[in-house]
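Read the structure below first, then the notes.
The values are calculated or read from the model by the stated rules, or taken from the named source; none is laboratory data. Keep in mind that what you see is a predicted model, and the values were worked out from it rather than measured. FYI the Cβ positions are ideal-geometry reconstructions off the backbone, even for glycines, and counts take in every protein chain you see.
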Amino acid sequence: MDDVLQNIMDHAVAVAREAGQVVREALCDEKQRDVMTKSSTVDLVTQTDQRVEHLIIQSVKKKFPTHRFIGEESVAAGEACVLTDDPTWIIDPIDGTTNFVHSFPFVAVSIGFSVDKKIQFGVEGKGAFCNGEPLQVSDQEDVRRSIIATEFGSNRETETVEKIFSSLRNILNIPVHGVRGAGTAAVNMCLVASGCVEAYYEVGVHVWDVAAGSVIVEEAGGVLMDVEGGPVDLMSRRIVAANNGTVAHIVKEIDAFSPTRDDAPPTQ
Ligand SMILES: O=P([O-])([O-])O[C@@H]1[C@@H](O)[C@H](O)[C@@H](O)[C@H](O)[C@@H]1O
Ligand SMILES: [Mg+2]
Ligand SMILES: [Mg+2]
């Protein structure tokens, strides 16, 4: 990794740790977990999500004034969600807000950094690490001996819920050892990267949920795919992250659908 990128990554790690501390403290303070809603009554946000995103963006802007941002809460406030070739920080200040609100103790501060529309950190084959320890995906080749992670998302339209359950039924019937969900895409992807689960899939995620996780999974030896096979498109809101191409064949069992893309022009 060149010095410039290393410098950017060091800053990302430092600001993620700082943000993590704010989230950790807020977990113990009911007032900082007051709930507001966004796209639906189960799409939650708190002042802490907004505060943490602000903290990260201000800190980065000070050091790298020309860089661009895609932040979950900035987009919710009306900013465009467009990935250009420019250096861009893709931020989910609290991934797992529902967990956070309920003190269910799995949340992540997710920060990805892209240049030329490619997520950069780690792409040069330097590996993925958790507190200095290298991560490695599971070597399991048999989907029947696998744990698959997924989420239910925050869209409760009947048709969407039907499709989620249809996929789940198909996957349970393979049969797999188990199905799990941490309540955060970023943590689910880190679980794939660390070999605790063999694969994670979800339709309905956003680019800020998966940008950082995608490079962590690849650097830990895993593969990314669209839920109908083929290359993943981080703006498509569909993702499969698996330990290898064999387990990634769970895509055959997924009842795929296409939510509105993250980069769709705003409707008037
Ligand atoms: O809103 P948030 O807590 O940052 O992110 C959440 C994801 O991590 C989760 O996996 C998904 O099921 C939810 O729909 C939501 O996108
Ligand atoms: Mg999220
Ligand atoms: Mg979030």
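One table, with the values for the structure above:
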quantity	calculated
Filter result for Lys61 (assigned to a helix (DSSP H, G or I), more than 16 Å from ligand 3 (Cβ to nearest atom) and at pLDDT below 95)	no
Some residue of the stretch 82-92 being surrounded by 14 or more Cβ atoms within 10 Å (Cβ to Cβ), part of a helix (DSSP H, G or I) and within 20 Å of the chain's Cα centre (by Cα)	no
Top-ranked residue in the stretch 36-49 [being closer than 17 Å to Gly153 by Cα and among the β-branched types (Val, Ile, Thr); ranked as surrounded by the fewest Cβ atoms within 10 Å (Cβ to Cβ)]	Thr41
Val161 vs. criteria free of Cβ contacts under 8 Å to residues at least 12 places away in the same chain, within 27 Å of Met36 (Cβ to Cβ) and assigned to a helix (DSSP H, G or I)	yes
The listed residue being within 16 Å of ligand 3 (Cβ to nearest atom) and among the charged types (D, E, K, R), out of Glu151, Glu141, Glu159	Glu151
Subset tally (residues that are of a type in the set (Ser, Thr, Tyr) and assigned to a helix (DSSP H, G or I)) for the stretch 201-220	1
Boolean, Phe152 is in the same structural domain as Gly71 (by TED's automatic domain parsing), touching a residue at least 12 places away in the same chain (Cβ under 8 Å) and either assigned to a loop (DSSP other than H, G, I, E, B) or out of contact with any Ser or Thr (no Cβ under 7 Å at 6 or more places or on another chain) (or both)	no
Filtered residue count, the stretch 23-54, keeping only those that are part of a helix (DSSP H, G or I), away from ligand 2 (no atom under 13 Å from the Cβ) and either within 19 Å of His206 (Cα to Cα) or not aliphatic (A, V, I, L, M) (or both)	11
Tally, over the stretch 64-106, of residues that are away from ligand 2 (no atom under 16 Å from the Cβ) and under 14 Å from Lys38 (Cα atoms)	1
Options Val205, Val210: the member that is within 10 Å of ligand 1 (Cβ to nearest atom), within 21 Å of Gly127 (Cβ to Cβ) and not assigned by TED's automatic domain parsing to the domain that holds Ser114	Val210
Matching residues in the stretch 162-190 - criterion: being more than 16 Å from ligand 3 (Cβ to nearest atom) and not aliphatic (A, V, I, L, M)	Glu162, Lys163, Phe165, Ser166, Ser167, Arg169, Asn170, Asn173, Pro175, His177, Gly178, Arg180
Any hit, the stretch 150-157, residues being within 14 Å of ligand 1 (Cβ to nearest atom) and crowded, with 21+ Cβ neighbours inside 10 Å	yes
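A quick yes/no check of all residues on (1) surrounded by 24 or more Cβ atoms within 10 Å (Cβ to Cβ); (2) touching a residue at least 12 places away in the same chain (Cβ under 8 Å):
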| site | (1), (2) |
| --- | --- |
| Lys126 | no, yes |
| Leu135 | no, yes |
| Phe165 | no, no |
| Val197 | yes, yes |
| Asp209 | yes, yes |
| Val217 | yes, yes |
| Gly221 | no, yes |
| Leu224 | no, yes |
